[in-house]
Amino acid sequence: MQRFVDQVLAITKESVKTLTYESLNNFVRFINGLSALLLTLLPGNASILEGIHGWELRPTFRAPRLPRWMENGVSSFNHFIHQLSVDSDVSSLEYSSPDEDSDGSEEYAESPSQNSRATFSDYGRHHHIRINWFRYILLWILVAIRFFLRIPFRLFCLACSAVSKPCAIQHPSQSHSHYNRMQTLKDHIIPRATDRRRGVVEDLHMAMEIFIEAVFDLVHRAVHLLLSPSEAFGKLLRLFSSHESGIVSDSVVGDATASSATLGENGPVPTEKNTSFRQPLNTDARTCQDVITELGYPFEAIHVITKDGYVLLLERIPRRDARKAVFLQHGVFDSSMGWISNGVVGSPAFAAYDQGYDVFLGNLRGLVSRGHVNKNISSREYWQYSINEHGTEDIPALVEKIHQVKTAELKLSKPGIEEESNRDQLYKLCAISHSLGGASMIMYVVTRRIEAKPHRLSRLVLLSPAGFHHDSNLVFSVVEHVLFLLAPVLSRIFPAFYIPTRFFRMLVNKLARDLQNLPAVGGLVQTLVGYVVGGDSSNWVGVLGLPHYNMNDMPGVSFGVALHLAQIKRTRRYRMFDYGSAYANIRVYGSPEPLDLGEHYGLIDIPVDLVAGQKDTVIRPSMVKRHYKLMKDAGVDVSYNEFEYAHLDFTFSHREELLSYVMSRLLLVEPNSKNQVNHRAVRSRRKGQVSVSNG
């Protein structure tokens, strides 16, 4: 009787699991289908989704798939169902493959999207579905026959394997090769995602699994005690005696373990899992160091303190003896992770390192972790800054730290260059900046020249730089007016725009995973974000998948930076922050009006390369051309180029032609050599008057 009850509970448990799992799957598919319907009704979504490759929004028929955390199976029944699905996919792939090598290996084109999958012909798909559901029905018939006729479990497993694999008798070598072949095909079907998170849907799957296991374990224990009164009386007696003596008997624990194992005797046995609670939320919190070192590159972290006490992180892929270095500076809502997000192939940081450069990755102030020398600094005090502080505090501190490190290392590695170091800089430092980082870099060079201080840079490569924004869409204009009208109130309520709590940061982190798993839902979010930014086709959903958007830390934007951008848009000039009164401006700038940086572009004494995106609606090409015209009129050695990119394509997307262009710009700057002259200073003089002093 006990064995019969165990078998009934086991079958009931697996049935409830399958029912709840498929109910959630059907609900998710309904949401995805509804999103696909909305996508077809929204205008202009085709151009907005152009930046996302490999997302197939058409509904496809396929067998139920278990989530990634259940790929190895959580029970014998679920494991068997999963193997059925994989075997069916493999057989369909073998049937539909047009080309096959002599050794039996096949090649399939892998889509660049993380959610790409193999496609089938219409006939092959429907044929696959009919066979798959026929096998499911036959499987349930075998399960019923087994319990009514009490067939031994081993014979039942052989019958089930015959259902999934008609050719059950194989040579051992053939079976091994078939397994290897299946694993190879699974690598193409199931993409090797670098994203280590579980989505909300996958968490719900796991929560349902744990809850059902706990409920049925409790029911099994209760039924077991009811069917064995003597054993229940003995346990109660031992329990009371152990309480009286203050010692818990080991036999109670042993009996409980043996009792729970009885549930799966001669039946489906749940797979034992080692649950770790060190990272129960399973979010991707990798740092820049983790990504760089995992790819086999060296790494160094340098903490930099600004004059106003902010602690910045300067990260480095070091070549200590290199006399050419590159400094990469990110933009708004970004970090150094943006320069390495595409891996070895496609990331500017790795491309520069492979070309022999010492690579430095800057991080501006503005993280949720609030790095500051004052550990007790309040949130309001920390976020009180504008673009001014990026250009006059953050960039100078980072560049000066690079200068100290490079000078000290080169003096140690080449002791004979002390005399040269007294006359000239021992290395060449080029800067590559994106968006707000480009505007901060321009401010840095201009203000350092006004202060008659060296800026240490040899060339600027500015990718879609901020600074001019009057040619923008309606949404940005509305935000501008709202910021000006409600600035006194909003500045007190929202000192910065970021997600303040770990729970909601974790939720965003997981939802980003779900948006990548559900093409139509992700496409709908992508479309709506595209509307907000004026139709920009950047992969906004994919950017949320970067590890720096995690529950522990996340980039933010201060209210002062947002207000500063609104001031620039309204005045149509690239000016420093307006403090709101002539008295405050005089105290800071020495004049009632903020410093107009565009009027001082003539102070830029290094070559500048401006790059704009034809599809960029965040910073339109006309605004980058505004920089170019002012620099050209001021006599700056400036170049302008356009690529068919959106705003985030300059850092997030893998663009071979952009990397080639940027590297060609860097190679124009040769590393220092002994008795080398300052060619920029020579070009700035009039023709025929070339005279360089050697000290």
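Residue check: is A431 of a type in the set (A, V, I, L, M), under 20 Å from L563 (Cβ atoms), under 31 Å from the mean Cα position of the chain (by Cα) and outside any helix (DSSP H, G or I)?
no
I'm told T287 meets every condition in (1) out of contact with any His (no Cβ under 9 Å at 6 or more places or on another chain); (2) under 18 Å from N552 (Cβ atoms) except one. Can you identify the failing condition by its number?
(1)
Here's the yes/no breakdown for (1) among the β-branched types (V, I, T); (2) assigned to a loop (DSSP other than H, G, I, E, B); (3) farther than 22 Å from L565 by Cβ:
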site: S369; (1), (2), (3): no, yes, yes
site: I377; (1), (2), (3): yes, yes, yes
site: H390; (1), (2), (3): no, no, no
site: L398; (1), (2), (3): no, no, no
site: H403; (1), (2), (3): no, no, yes
site: E409; (1), (2), (3): no, no, yes
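Can you tell me which residue in the stretch 585-617 is surrounded by the fewest Cβ atoms within 10 Å (Cβ to Cβ), limited to those that are farther than 30 Å from R456 by Cα and touching a residue at least 24 places away in the same chain (Cβ under 8 Å)?
Looking at residues that are farther than 30 Å from R456 by Cα and touching a residue at least 24 places away in the same chain (Cβ under 8 Å), I get Q614.
Within the stretch 465-487, is there a residue that is touching a strand residue (DSSP E or B) at 6+ places or on another chain (Cβ under 7 Å) and either aliphatic (A, V, I, L, M) or more than 26 Å from P348 (Cβ to Cβ) (or both)?
No; the residues of the stretch 465-487 include none that is touching a strand residue (DSSP E or B) at 6+ places or on another chain (Cβ under 7 Å) and either aliphatic (A, V, I, L, M) or more than 26 Å from P348 (Cβ to Cβ) (or both).
Being touching a Lys or Arg at 6+ places or on another chain (Cβ under 9 Å), outside any loop (DSSP other than H, G, I, E, B), of a type in the set (D, E) and surrounded by fewer than 21 Cβ atoms within 10 Å (Cβ to Cβ), is that true of even one residue in the stretch 352-360?
No - not one qualifying residue is present in the stretch 352-360.
Being at pLDDT below 90, in a helix (DSSP H, G or I) and surrounded by 18 or more Cβ atoms within 10 Å (Cβ to Cβ): is that true of S491 here?
Yes, satisfied.
If you go through the stretch 323-333 one residue at a time, do you hit one that is surrounded by fewer than 20 Cβ atoms within 10 Å (Cβ to Cβ) and either assigned to a helix (DSSP H, G or I) or without any contact (Cβ under 8 Å) to a residue 40 or more places away in the chain (or both)?
No; the residues of the stretch 323-333 include none that is surrounded by fewer than 20 Cβ atoms within 10 Å (Cβ to Cβ) and either assigned to a helix (DSSP H, G or I) or without any contact (Cβ under 8 Å) to a residue 40 or more places away in the chain (or both).
Out of everything in the stretch 627-654 that is part of a loop (DSSP other than H, G, I, E, B) and buried (at least 16 other Cβ atoms within 10 Å of the Cβ), what residue ends up being nearest to the chain's Cα centre (by Cα)?
Of everything passing the filter in the stretch 627-654, F652 is nearest to the chain's Cα centre (by Cα).
What pairs can you find where one residue is in the stretch 340-363 and at positive phi, the other is surrounded by fewer than 19 Cβ atoms within 10 Å (Cβ to Cβ), and their Cβ atoms are less than 6 Å apart, with a gap of 6+ or different chains?
Filtered contacts from the stretch 340-363: G346/H654.
Might you let me know whether the stretch 329-343 holds any residue that is of a type in the set (D, E), at pLDDT 95 or above and within 27 Å of G556 (Cβ to Cβ)?
no
So which residues in the stretch 530-559 are under 30 Å from Q289 (Cα atoms), of a type outside the set (A, V, I, L, M) and in contact with a helix residue (DSSP H, G or I) (Cβ under 8 Å, 6 or more places away or on another chain)?
Across the stretch 530-559, the qualifying residues are S537, S538, N539, W540, G542, G545, P547, H548, Y549, N550, N552, F559.
Among the candidates E389, E400, E300, which residue alone is among the charged types (D, E, K, R) and either under 20 Å from the mean Cα position of the chain (by Cα) or under 25 Å from R575 (Cβ atoms) (or both)?
Among E389, E400, E300, only E389 is among the charged types (D, E, K, R) and either under 20 Å from the mean Cα position of the chain (by Cα) or under 25 Å from R575 (Cβ atoms) (or both).
Among A582, A566, which is more than 33 Å from the chain's Cα centre (by Cα), within 23 Å of L490 (Cα to Cα), surrounded by fewer than 21 Cβ atoms within 10 Å (Cβ to Cβ) and among the aliphatic types (A, V, I, L, M)?
Exactly one residue qualifies, and that residue is A582.
Report yes if some residue within the stretch 546-562 is out of contact with any strand residue (DSSP E or B) (no Cβ under 6 Å at 6 or more places or on another chain), in a helix (DSSP H, G or I) and among the aliphatic types (A, V, I, L, M); otherwise report no.
Taking every residue of the stretch 546-562 in turn, at least one turns out to be out of contact with any strand residue (DSSP E or B) (no Cβ under 6 Å at 6 or more places or on another chain), in a helix (DSSP H, G or I) and among the aliphatic types (A, V, I, L, M).
Which one is surrounded by the most Cβ atoms within 10 Å (Cβ to Cβ) among residues in the stretch 392-419 that are in contact with a Ser or Thr (Cβ under 9 Å, 6 or more places away or on another chain) and modelled with pLDDT under 95?
Filtering first and then ranking leaves L410.
Matching residues to (1) touching a residue at least 12 places away in the same chain (Cβ under 8 Å); (2) surrounded by 19 or more Cβ atoms within 10 Å (Cβ to Cβ); (3) among the basic types (K, R); (4) in contact with a helix residue (DSSP H, G or I) (Cβ under 9 Å, 6 or more places away or on another chain):
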residue: G437; (1), (2), (3), (4): yes, yes, no, yes
residue: E451; (1), (2), (3), (4): no, no, no, no
residue: H455; (1), (2), (3), (4): yes, yes, no, yes
residue: P465; (1), (2), (3), (4): yes, yes, no, yes
residue: D471; (1), (2), (3), (4): yes, no, no, yes
residue: E480; (1), (2), (3), (4): yes, yes, no, yes
residue: F484; (1), (2), (3), (4): yes, no, no, yes
residue: A487; (1), (2), (3), (4): yes, no, no, yes
residue: F497; (1), (2), (3), (4): yes, no, no, yes
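Can you work out which of the residues in the stretch 9-33 that are touching a residue at least 24 places away in the same chain (Cβ under 8 Å) and hydrophobic (A, V, I, L, M, F, W, C) is farthest from L226 (Cα to Cα)?
In this case the residue turns out to be I31.
With the condition kept exactly as written, say whether any residue in the stretch 27-40 is more than 30 Å from Y531 (Cβ to Cβ) and touching a Ser or Thr at 6+ places or on another chain (Cβ under 8 Å).
No: zero hits.
Which of the residues spanning the stretch 367-376 are touching a residue at least 60 places away in the same chain (Cβ under 8 Å) and either surrounded by 16 or more Cβ atoms within 10 Å (Cβ to Cβ) or of a type in the set (F, W, Y) (or both)?
Listed by number, the residues that qualify are L367, V368, G371, H372.
The values are calculated or read from the model by the stated rules, or taken from the named source; none is laboratory data. Not measured: the values here are computed from a predicted model. FYI the Cβ positions are ideal-geometry reconstructions off the backbone, even for glycines, and counts take in every protein chain you see.
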